[in-house]
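In what follows, a structure is listed as structure tokens, so that the remarks can point back to it.
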Amino acid sequence: MKLKNDDSKVVGVLTGGGDCPGLNPAIRAVVLKARSMGWKVYGFHDGWAGVVDRDFEELTEISVADILHEGGTMLGTSRTDPRKDDKAYSSVVTMFSELSIDALIAIGGDDTLSVASRLASEGLPVVGVPKTMDNDLQATDFCIGFDSAVNRVTQSIDNLRTTARSHHRVMVVEVMGRDAGWVAVVAGMAAGADYIVIPEVAVSIDEIVESLERERAKEDRHRIVVISEGANVAGINEVSEQVDDRDQFGHISLASRDLGHTLAQAIEKATGMETRVAVLGHTQRGGAPTAFDRVLGSRLGVRAVEMVRRRKWGHMPALDGRIITEVPISDAVASNRKVDLELFEIARALF
């Protein structure tokens, strides 16, 4: 499909997957940039579900006037995978012609962008924008939402340290990170965690206990342990494989693992140290975006519209150091971006 040669171009935009701060700045940037070029913008509600169901609204400057500082997404989101159903996927494909959509900008993580990549591979005019608080997309240094999540977790650990110190307790802090421990490592380093457990590095409960025991002789008797929800600790847990616990993209629900509580109980039993747990959960993805995420979302949104103008289908804007580059969406979703082990070794040297 080609863009029309008049001023009535129509661009669709959606946000899919988990919400996070920085999505609204990206939506706002798409709308303001596109409208400045004389284009219409349709915002699809609730990710790919809105495309399948034709649930959308026209977005204008007024629509996005006061959303820059707001968390979440004004369009709503879902974990809908239209590839799971032939009728749903066909509905997505025919949407372009039925609604005279010249291009679609999909803002999301590996799941959302995997759908976008397939559409682009079939010749449809799709551009992506990288968003995930887990920061686990390839081909970009930062994703929308990561900086906000790290700041939220760092502040929470700072707050928890005061109560841990007062009661001489071990505090286990469970954070998000299904396949990659970026949030745990960066926030843990920033808050001075005494131990960090991530999916990328195998560890046993004995190793954790040994490290904590070495520190018991110190005058400061409280400890902070940060653990990614997707980590596996030998000797304390097994991952649930129940089909009923999976979403449309095949991801196991991690809430039922209760990993933080299980680790806390194991530490207290092994050391005799009073141990408590704080599962930060969805507080990590809530609230207002940081200045960094507001600027990053804005930069990526503007570049996405510019890519539409140049018909750069199947690509997404990405942060490379300080500059915005353009990379194939297929590269971004080819594999999960793991924590840089050099960074983790620096963190480990500090505890």
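Would you pick out the residues in segment 36-60 that are within 19 Å of THR112 (Cα to Cα) and assigned to a loop (DSSP other than H, G, I, E, B)? Quick ask: steps written out before the conclusion?
Going residue by residue through segment 36-60, those that are within 19 Å of THR112 (Cα to Cα) are 42-56.
Selection gives HIS45, ASP46, GLY47, ARG54, ASP55.
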Out of GLY17, GLY43, GLY47, GLY38, sole residue that is under 22 Å from PRO125 (Cβ atoms) and surrounded by fewer than 16 Cβ atoms within 10 Å (Cβ to Cβ): GLY38
Cross-chain or 6+ apart pairs with Cβ under 6 Å, segment 193-216 first and in the same structural domain as VAL173 (by TED's automatic domain parsing), then hydrophobic (A, V, I, L, M, F, W, C) and exposed (fewer than 15 other Cβ atoms within 10 Å of the Cβ): SER204/ALA234
Extreme residue, nearest to GLU213 (Cα to Cα), among residues of segment 262-280 that are in a helix (DSSP H, G or I) and free of Cβ contacts under 8 Å to residues at least 24 places away in the same chain: LYS269
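From the list LEU32, LEU104, LEU75, which residue is assigned by TED's automatic domain parsing to the domain that holds LYS131, at pLDDT 95 or above and closer than 19 Å to GLY314 by Cβ?
Details: LEU32 fails: closer than 19 Å to GLY314 by Cβ; LEU75 fails: closer than 19 Å to GLY314 by Cβ.
It is LEU104.
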Residue satisfying all of: in segment 194-243; assigned to a strand (DSSP E or B) and of a type in the set (Gly, Ala, Ser); modelled with the lowest pLDDT among these: ALA234
Members of segment 66-87 found to be touching a residue at least 24 places away in the same chain (Cβ under 8 Å), surrounded by fewer than 18 Cβ atoms within 10 Å (Cβ to Cβ) and farther than 22 Å from GLY297 by Cα, listed by number: ARG83, LYS84
Filter result (surrounded by 17 or more Cβ atoms within 10 Å (Cβ to Cβ), over 18 Å from the mean Cα position of the chain (by Cα) and not aliphatic (A, V, I, L, M)) within segment 88-116: TYR89, SER91, PHE96, ASP102
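The values are calculated or read from the model by the stated rules, or taken from the named source; none is laboratory data. Everything quoted here is computed from the prediction, not taken from an experiment. Here the Cβ is made from the backbone with ideal geometry for all residues, glycine too, and neighbour counts use every protein chain on show.
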